[in-house]
């Protein structure tokens, strides 16, 4: 992290970032945030992420997810727009996709072209329309884990915590 970026963080944020990097390096834990308003879909995504080698954190709403991302160093974030009106999670998607070093997956509504275009314009790593319980997304989480490990080894996870989007 460059001095200029570090200088803009509070002392507490600097300490949290330093601790999170050190802890992840020591135990090789890669953390995934899953945000969905539907408990059934949250559990389905959690199972897939766990199968892919991720330590998961579950959130049901955007404010809780935003607070979690600001506090902890996450390598992957999954936002489910299918279970919630997209407008309520749009600020969260904007904030997550603005974080460098954070892979973001957005599960969207199948056939909603405008939503897909909007998500891709924000820079999400992956857009998945129509994910169902029968979908096998565990392989995708495994691939994301390998990418996160390569980013970590290359030093690509040096990032500032997410900031609110104005």
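Just so you know, all these numbers are worked out from the coordinates, no wet-lab data involved. Treat the numbers as computed from the prediction; the structure is a model and nothing was measured. As a convention, Cβ positions derive from the backbone with ideal geometry for all residues, glycine included, and neighbour counts pool all protein chains shown.
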Correct semi-axes for the range 29-154, from √(5λ) of the alpha-carbon gyration tensor and rounded to whole Å with the largest first, are 20, 16, 15
Descending packing, highest mean Cβ count within 10 Å first, for 89-96, 118-125 is 89-96, 118-125
Going highest first, how would you order 98-109, 62-73 by mean Cβ packing within 10 Å? 98-109, 62-73
